[in-house]
Amino acid sequence: MHVNIVTFPETKVASISHVGSPSKEYDTVQKLIDWKIRNGLLDQSKYRSYGLHYTDPWSVTPSEHRVDFCLSIDGKVEQNSAGIIERVIPSLRCAHARDIGSRTNNQAAKYLIEEWFPNSGEILKDFPIIFHYVNVGPNAKANEAITDAYLPLTRNPEQLCCPTRRSSRPA
């Protein structure tokens with residue numbers, strides 16, 4: 001799998017939190033979709049769909065599982081009964097990989113966390129992994145789903161240091 005180090009841009013989003021069983025995520029996502037439709041935010045190239053995944057649903061109890069579903073916006077989020085709030089995903093240095101296929105088992109995220117990261121020399125930033133759901137909607141087939149995974153990183157202090165200088169004095 002191909003991994004790039006990229007800068008995820010600061011992104012203003014409408015966000016709704018899901019805490020609980022992964023089997024109930026659709027109900028939470030549907031609230032964001034309904035809000036998106038009511039507000040006419042239908043252009044997928046402009047209003048992008050994201051997930052901030054705080055936990056791996058396969059390794060925590062359902063009550064501990066958390067993901068925030070987000071939609072990039074350029075306006076304000078007015079107070080609403082759906083629980084959707086405005087927030088900002090900060091600019092982040094990330095390892096990026098792309099997954100094509102079912103979103104229930106993201107292979108890019110799995111690869112980044114289990115294979116790439118342990119051998120990378122990088123340090124994880126205290127921020128959830130970001131999924132960009134590139135193609136969404138009723139016409140997106142599960143086996144053709146495109147999801148970009150962004151694993152937030154911080155600079156390793158050892159990588160910030162200058163190369164060792166050679167002494168100009170003769171030995």
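Can you list residue pairs whose Cβ atoms sit under 6 Å apart, with the first residue in region 30-44 being more than 13 Å from Ala14 (Cα to Cα) and the second being part of a helix (DSSP H, G or I) and open to solvent by less than 50 Å² (accessible area, probe 1.4 Å)? Count only pairs 6 or more apart in sequence or on different chains.
From region 30-44, no pairs qualify.
For Ala109, state whether it is part of a strand (DSSP E or B) and not β-branched (Val, Ile, Thr).
Values: part of a strand (DSSP E or B): no; not β-branched (Val, Ile, Thr): yes.
Spelling it out, it is not the case that Ala109 is part of a strand (DSSP E or B) and not β-branched (Val, Ile, Thr).
Residues checked against (1) of a type in the set (Val, Ile, Thr); (2) within 18 Å of Ala149 (Cα to Cα):
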{"residue": "Val13", "(1), (2)": "yes, yes"}
{"residue": "Ser17", "(1), (2)": "no, no"}
{"residue": "Gly51", "(1), (2)": "no, yes"}
{"residue": "Ile73", "(1), (2)": "yes, no"}
{"residue": "Glu86", "(1), (2)": "no, no"}
{"residue": "Ser91", "(1), (2)": "no, yes"}
{"residue": "Ala97", "(1), (2)": "no, yes"}
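Restrict the check to region 47-65 and report whether at least one residue is surrounded by fewer than 12 Cβ atoms within 10 Å (Cβ to Cβ) and at pLDDT 95 or above.
no
Between a first residue in region 114-132 that is open to solvent by less than 30 Å² (accessible area, probe 1.4 Å) and a second residue that is part of a helix (DSSP H, G or I), which pairs have beta carbons less than 7 Å apart while being 6 or more apart in sequence or on different chains?
From residues that are open to solvent by less than 30 Å² (accessible area, probe 1.4 Å), the pairs are Ile129/Ala109.
Which numbered condition in (1) at pLDDT below 95; (2) under 16 Å from Val3 (Cα atoms); (3) assigned to a helix (DSSP H, G or I) is the only one that Asn143 fails?
If we test Asn143 against (1) at pLDDT below 95; (2) under 16 Å from Val3 (Cα atoms); (3) assigned to a helix (DSSP H, G or I), just (2) comes out false.
If a residue has to be of a type outside the set (A, V, I, L, M), at pLDDT 90 or above and part of a loop (DSSP other than H, G, I, E, B) to count, how many in region 124-140 make the cut? Explain how you work it out, then say what you get.
From region 124-140, those of a type outside the set (A, V, I, L, M) are 125-128, 131-133, 135, 137-139; that's our starting set.
Adding the requirement that they be at pLDDT 90 or above leaves 125-128, 131-133, 135.
Among the residues that remain, those that are also part of a loop (DSSP other than H, G, I, E, B) are: 125-128, 135.
Here the count works out to 5.
Within region 1-53, considering only strands (runs of 3 or more DSSP E) that don't extend past its boundaries, which have at least 2 residues that are of a type in the set (Ser, Thr, Tyr) and under 14 Å from Ile85 (Cα atoms)? If you could, list the steps in order and put the result at the bottom.
Working: elements: 4-8, 11-19, 49-53.
Passing ranges, in order: 11-19.
Filter region 77-98 down to the residues that are in a strand (DSSP E or B) and within 19 Å of Leu153 (Cα to Cα) and list them by number.
Val88, Ile89, Leu92, Arg93, Cys94, Ala95, His96, Ala97, Arg98, listed by residue number.
The values are calculated or read from the model by the stated rules, or taken from the named source; none is laboratory data. It should be emphasised that the depicted structure is a prediction, and the values quoted were computed from it without experimental measurement. Reconstructed Cβ throughout: ideal geometry from the backbone, glycine too, with neighbour counts over all protein chains shown. Side chains included, ligands, DNA and RNA excluded: accessible areas come from the protein's heavy atoms. Shrake-Rupley method; radii C 1.70, N 1.55, O 1.52, S 1.80 Å.
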